[in-house]
1. What net charge do the residues around A:S296 carry, taking every other residue with its C-beta under 14 Å from that of A:S296, with Lys and Arg at +1 and Asp and Glu at -1?
2. Based on the mean of other beta carbon atoms within 10 Å per residue, what is the order of A:7-16, A:278-287, A:251-260, most packed first?
3. Counting only other chains, and only Cβ atoms inside 10 Å, what mean value do you get across the residues of A:241-252?
4. Does the protein assembly as shown come out rounded, prolate or oblate by the C-alpha gyration tensor, with a ≥ b ≥ c the root eigenvalues, rounded set by a/c under 1.5 and, if not, prolate when a/b is larger than b/c and oblate if not?
5. Please average, across the residues of B:140-150, the number of beta carbons from any other chain that are within 10 Å of each residue's own beta carbon, and give a whole number.
6. Any idea what the relative contact order of the stretch A:3-90 is, in percent, if you count C-alpha pairs under 8 Å spaced at least 6 apart?
7. Can you bin every Cα-Cα distance in the stretch A:247-331 into 10 Å intervals starting at zero and give me the percent of pairs per bin, rounded to whole numbers?
8. For the residue pair B:V29 and A:D280, what label-to-label distance in nm results when each label sits 7 Å from Cα along the Cα-to-beta-carbon direction?
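FYI, it's all coordinate maths here, none of it is from the lab. Please read all numbers here as calculations on a predicted model, not as lab measurements. So basically every Cβ, Gly included, is an ideal-geometry build from the backbone, and we count neighbours across all protein chains shown.
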Amino acid sequence: MPTLTIDNQEIKVPAGTRVIEAAKLLGIEIPHYCYHPALSIAGSCRMCLVEIEKFPKLAIACHTVATDGMIVHTNSDKAEHARTSMLEFLLANHPLDCPVCDQAGECKLQQYYMTVGRHNSALLDNKIKKTKARVLGPHVILDSERCILCSRCVRFTAEISKSHELGIFNRGDHSELLNYPGKALDNPYSGNVVDICPVGALTDRDFRFKVRVWYLDSKPSICHGCARGCNIRVDYLRRRFHHNDGKRIARFKPRHNPDVNGHWICDAGRYSYKQLENEDRLLTPQVDGTPGGWDSVLAGAAKAFAGHVSEFGVNSIALITSASLSNEEMFTAQELFGNGLKMEKIAWRIPPGPENKDDDLLIRADKNANSFAAEKIFTSTSRAKDVEEVLAKTEAGKIKAWIVLDADLGPAFGDERIAKAAESLRFSWYLGSYRNATSQACRFVLPSTVFTEKEGTVTNFAGRVQHFPAVVSPLGGALPLLEIFAKLAGRLELPTVETNPARVYQSLGQSFEHFAQPIYAAPTAKAAPTSKVS
Amino acid sequence: MATQNTIRVSVRRRAATLSFWEQVYLFEVIRGLWITTHHFVLNLYYHILKLFGIRKTHPLTPTIQYPEECRPLALRLRTLHRLARRDDGRPRCVACMMCETVCPALCIQIVAAAVDDPNIEKRPKSFDIDIGKCVFCGFCVEACPEDAIRMDTGILDIASYSRGGMVLDIDRLLSLNAATERTDKEVDQLQKWLLQ
């Protein structure tokens, strides 16, 4: 455990720690471009030069291992002068087209110019012209002129995605980041190179020119794309809706969490924001495809339910639920339909298709966000059934009604099979967010909100319970599922249903030990910082 | 943060009470009538001199036959906005949103789009200024890195029968030009548009 002194502050660090990390522990930020804690060290940008006593020259903090008795000065005149000069070199061929650059506002070149640069360029030669707007892959576009050749993206494709698409070619100031001939930047994690690019060289093709970043607000959230539960930051517009094609949610960015996703998220999760406000969202309650008000549709739905129960009994109804609902919604559904209405057929298990496989980085085959909790909450009363079984029993005429909670059965069982099975149903409810084959097969459609429009917790495949807040207000006439449950309970003359997710989680914790640990307590202190990618 | 050095300003207040002569009232009325009559007679005198060609200018109150006749505007006066063009006719604006960001009245709305030309990359798909909201502060002109938005049209009389009519779109803004480079024909056309 070497003890070193940085800017007159002493700190003890584990052996092998780099000076830049030791300084970070003291809250001192040493400017850097090429260094990234999750990647190997390149030492190419030379921005992190610091003065270390008894060293003959300045040393780069990202590669120098902290040793006992080391005395580091990060703000000495020599170090500051070196940084300013380095920035001048990095900007030697930079086009300074910040007005049309998507990175403007979150660009490290801008940031460090204002903090440690502030120089007048002494260079007289013309800037080198390079290719602008070169498409690298389906998600990423490159501006070579803006690139400072830090090689973070090259190291990412070599070390993290292991797909080896990018390299730096040519020499001197003709050096250029390019993809290897015939290899497009097309891997399941390609969007991450945009996040780690400290300048505007690599930008996102989907986000390109949609909205300036300083119009965006951020909230921490949890990706619902698969069972991993990656920590994300939701960037959204709170005003100026003429930007971003009138949509509120502009992008998902990864949020650092060493226990879940590290610094990364996959492209499928990153671009899953697009469906949140697309034209497939259900926005008004419907009966047989005709839109109606909440009151009339709920009254019709409750009447159909009561009539069916008196005729065929509650056991002819199946509850088909998605395994992506939040813990609170699953628990309320279990309380309402399982314990309250004594329904015995609760199905949620759909085997993942053969195209879905676990990979060794983040992606999970299970595309449901909360299968772990479904297993715990619905199996606890030994009523769980496979959806396949429910479908077979429907086709055999044993099940005469469905209550579907946000489950899209089309991809797993085929749209025709669902439509055909639904034809024989006496009544069906669909409580979900999107229009799909299942929602179209159901008689009563009650629109619910997506995860960015409701608060809750989800449990990832490893059993980690993570909280996500409501980022934006519900779209159209959609309501959070808990509120729909409460309305239904009122119509069916059942005990009142709690709609506050924090209180639902409390009762969930009383019923299941796994959820006993408080997660809603002191939400402001608990919320993870929405740190930008380092 | 509270500043350490506060400036003390002493204001001399006018006495609230009236003097004796002011309280008498009649005297003040006569004084007021004298000022009005003085200006009237003087104006009449000089206008008669001008009418008979004895004097060429009015040294006192002039009469401007607005809108047929206008006072000359200072070149630096902030007037209705316009969007300037490049030499090849394309808009100078690259939709960087600086003016929209700096606008204190939130009257500018820009929607950006990509262009194929890699030297420009970005252009405004739509660019709306709500003149009804604009406070003519000129911050947009200051902020523009491309010298695209300018307030030099010399147009000050802006009116419409609807709120929507006060919103100028990109075509309108690009069709205007600077007051200094306007031909007589364009002045006539502009006059027509303004009088519509």
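1. Computed value for this residue: +2.
2. A:251-260, A:278-287, A:7-16
3. The shielding value for this peptide is 1.
4. Since a/c reaches 1.5 but b/c is at least a/b, the shape of the protein assembly as shown is classed as oblate.
5. Per residue, the number of nearby Cβ atoms from other chains is 1 on average.
6. 34 percent.
7. Per 10 Å bin, starting at zero, the Cα-Cα P(r) for the stretch A:247-331 comes out as 12, 22, 35, 15, 14, 1 percent.
8. Once both label points are built, they end up 8.6 nm from each other.
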